[in-house]
Amino acid sequence: MYNRVLITGAGGALGRVLRDGLKGAYPVLRLSHRRDVGPAGPGEEINVASLENFDEVDAAMEGVDAVVHLGGKAVEGAWEEILQSNIIGTYNVLEAARRHKVKRVVFASTHHIVGYYRRDKIVGVEAPPRPDSRYAVSKVFGEALGRMYADKYGMSVVCQRIGVSQEKVPHVRGLWTWQSYPDYVHMTRRCLDAPDIHFLVVYGVSANSRPLWDNPTAETIGYEPQDDAEDHIDEVLAKQKFKDEPEIERLFHGGWFCGMEFAGDPEKID
């Protein structure tokens with residue numbers, strides 16, 4: 001379907017996973033990061049570009065058929081850093097993709113978009129955003145921008161609301177939010193390859209026994225996660241007990257992102 005797939009943020013944690021996981025899936029992977037990510041292997045191209053520099057992003061997009069946009073600030077941070085990396089950077093990626101007639105953009109969003117929903121409530125992809133951080137606000141912007149580019153310019157855009165994608169379940173909250181690396185790679189392949197997508201949001205989560213999100217679009221694209229965080233519960237509870245979660249963190253989907261700088265009234269967050 002595609003000859004050349006661009007991965008932004010290829011030197012980050014998920015970028016490295018995807019570099020390995022997509023090896024051989026497409027003729028050429030172009031690996032872009034603000035720093036050199038090492039020598040190119042077979043079927044790879046290395047690109048150094050800063051997301052906030054449009055000319056560099058535009059050059060990275062030359063000859064690209066699809067892009068997985070992972071680049072940017074991946075956790076909470078100062079507003080200026082979020083603004084440059086996640087807001088200006090995401091605009092630059094989508095605008096360059098439009099200019100180069102890229103067939104599909106897969107945007108790495110986050111479950112923190114719905115971070116201030118209570119953990120006892122299952123929410124779907126149509127739930128109004130309740131972002132838990134400046135970082136999450138930047139992802140709300142990215143999803144809205146992606147929808148505008150799909151509607152206005154006819155682009156095909158998929159937004160991945162990624163949970164906690166790590167090799168192992170890192171904490172108690174991960175029993176609800178974990179996505180294994182194999183499931184993440186499988187989901188991204190389906191986000192790239194599924195036909196006839198205008199705009200779509202999908203939660204990036206494994207087949208966990210404790211669901212937080214209604215995820216019907218996973219079936220739409222053929223995403224069938226195989227792993228379950230519950231299989232690792234003994235290992236998780238050896239590191240952290242349920243009762244050890246701080247009160248604010250255990251109330252909401254977003255966990256510690258919700259607790260950072262918190263000065264509100266949890267009773268008013270229903």
Checklist outcome for this item: Answer in debye to the nearest 20: the dipole magnitude of region 167-215 about its Cα centre, from +1 Lys/Arg and -1 Asp/Glu charges placed on Cβ, is 220
Item to check | Relative packing of 262-268, 184-190, 59-65, which averages over residues the other C-beta atoms within 10 Å, highest first | outcome: 184-190, 59-65, 262-268
Checklist entry - On full extension of the chain, what length is gained from H198 through V75, given 0.36 nm per residue of separation minus the C-alpha to C-alpha distance? => result 41.5 nm
Checklist outcome for this item: The computed P(r) of region 1-61 puts the percent of Cα pairs beyond 20 Å at 18
Checklist outcome for this item: Share of Cα-Cα pairs in the chain beyond 24 Å, whole percent, is 47
Checklist entry - Using a cut-off of 18 Å between alpha-carbon atoms, which aspartates and glutamates can reach K152, once sequence neighbours fewer than 8 places away in the same chain are excluded? => result E95, E143, D196
Checklist entry - Mean residue ellipticity at 222 nm from the helices of the chain, using -39,500 (n - 2.57) per DSSP H segment of n ≥ 4 over the full residue count, to the nearest 500 deg cm²/dmol? => result -9000 deg cm²/dmol
Next on the checklist: For region 170-270, compute the orientation-averaged projected area of the C-alpha convex hull (one quarter of its surface), in nm².
Outcome noted: 8.0
Checklist outcome for this item: Between A13 and K268, Cβ-based FRET efficiency (R0 30 Å, step 0.05) works out to 0.30
Next on the checklist: How high is the relative contact order of the chain? Use alpha-carbon pairs under 8 Å, at least six apart in sequence, and give a whole percent.
Outcome noted: 17
Checklist outcome for this item: Of the residues V57, Y91, A78, the Cα lying farthest along the dipole of region 34-98 towards its positive end, which is defined by charges on the beta carbon of Lys, Arg, Asp and Glu, belongs to A78
Next on the checklist: How charged is the neighbourhood of D120? Take every other residue with its Cβ under 12 Å from the Cβ of D120, and add Lys/Arg as +1 and Asp/Glu as -1.
Outcome noted: +4
Item to check | Charge dipole magnitude, Cβ of K and R +1, D and E -1 - the chain, Cα centre, debye nearest 20 | outcome: 420
Next on the checklist: I want the antiparallel fraction of DSSP beta bridges within the chain, as a percent rounded to 5.
Outcome noted: 5
Checklist outcome for this item: About its Cα centre, region 71-173 carries a charge dipole, from +1 on Lys and Arg Cβ atoms and -1 on Asp and Glu Cβ atoms, whose size in debye to the nearest 20 is 300
Item to check | For region 1-119, the spread of Cα positions along each principal axis, largest first, Å | outcome: 44, 31, 27
Item to check | Neighbour-limited loop hits for trypsin sites (Lys or Arg not before Pro), region 203-256 (at most 11 other Cβ within 10 Å; DSSP other than H, G, I, E, B) | outcome: K241
Next on the checklist: What does the net charge come to around L83 if you take all other residues with beta carbon closer than 14 Å to its beta carbon, with K and R at +1 and D and E at -1?
Outcome noted: -1
Checklist entry - Cα centroid distance between region 1-35 and region 95-155, in Å? => result 21
Checklist entry - From the residues I221, V164, G146, which one has its Cα farthest along the dipole of region 142-270 in the positive direction, the dipole being from +1 and -1 charges on Cβ of Lys/Arg and Asp/Glu about the Cα centre? => result G146
Checklist entry - Given the pairs K73/K168; K239/K268; K73/K243; K23/K103; K73/K239; K73/K101, which span a C-alpha to C-alpha distance of over 24 angstrom in this model? => result K239/K268; K73/K243; K73/K239; K73/K101
Item to check | Solvent-accessible area per residue for the chain (1.4 angstrom probe, square angstrom) | outcome: 44
Checklist outcome for this item: 1/(1 + (r/R0)^6) with r = Cβ-Cβ of D36 and H100, R0 = 22 Å, i.e. FRET efficiency to nearest 0.05, evaluates to 0.45
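The values are calculated or read from the model by the stated rules, or taken from the named source; none is laboratory data. Treat the numbers as computed from the prediction; the structure is a model and nothing was measured. Neighbour counts run over all protein chains shown; Cβ positions are idealised from the backbone, glycine included. The accessibility values were calculated without ligands, DNA or RNA, using every heavy atom of the protein model including side chains. Shrake-Rupley method; radii C 1.70, N 1.55, O 1.52, S 1.80 Å.
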